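One structure is given below, encoded as structure tokens.
Every read-out reported here was derived from the displayed coordinates using simple, explicitly stated rules and does not represent laboratory data. Keep in mind it's a predicted model, so treat the numbers as computed, not measured. Positions of Cβ are generated from backbone atoms using ideal geometry, with glycine treated the same way; all protein chains shown enter the neighbour counts.
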């Protein structure tokens, strides 16, 4: 059994041995659940959507410039002018 003190801010240090067992690294999130009269701490599941953020960065150059370029090409092809 591992023990830890609660600080004035309500913070608890997870003992190193337990962090290693669950592979919890600095900055990662954990989940607290209540089961009966126990607090259960679990490693938070990874968010696969959050991992995709920024993957396309740089593919199309600067996004606003790319968007304006695409609109200009569309206007040229269709003869329609965008509202400014």
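This ranking places 26, 13 by how few other beta-carbon atoms lie within 10 Å of each, fewest first, which gives 26, 13. Rounded to the nearest 500, the helix-only mean residue ellipticity at 222 nm of the chain stands at -9500 deg cm²/dmol, with each DSSP H run of n ≥ 4 adding -39,500 (n - 2.57).
Can you give me the angle between helix 63-78 and the longest principal axis of the chain, using Cα atoms only, in degrees from 0 to 90, rounded to the nearest 10? Approximately 30 degrees, to the nearest ten.
Residue separation of residue 38 and residue 13 scaled by 0.36 nm, minus their Cα-Cα distance, works out to 7.3 nm of gained length. Between residue 66 and residue 1, full extension at 0.36 nm per residue minus the direct alpha carbon distance yields a gain of 17.6 nm.
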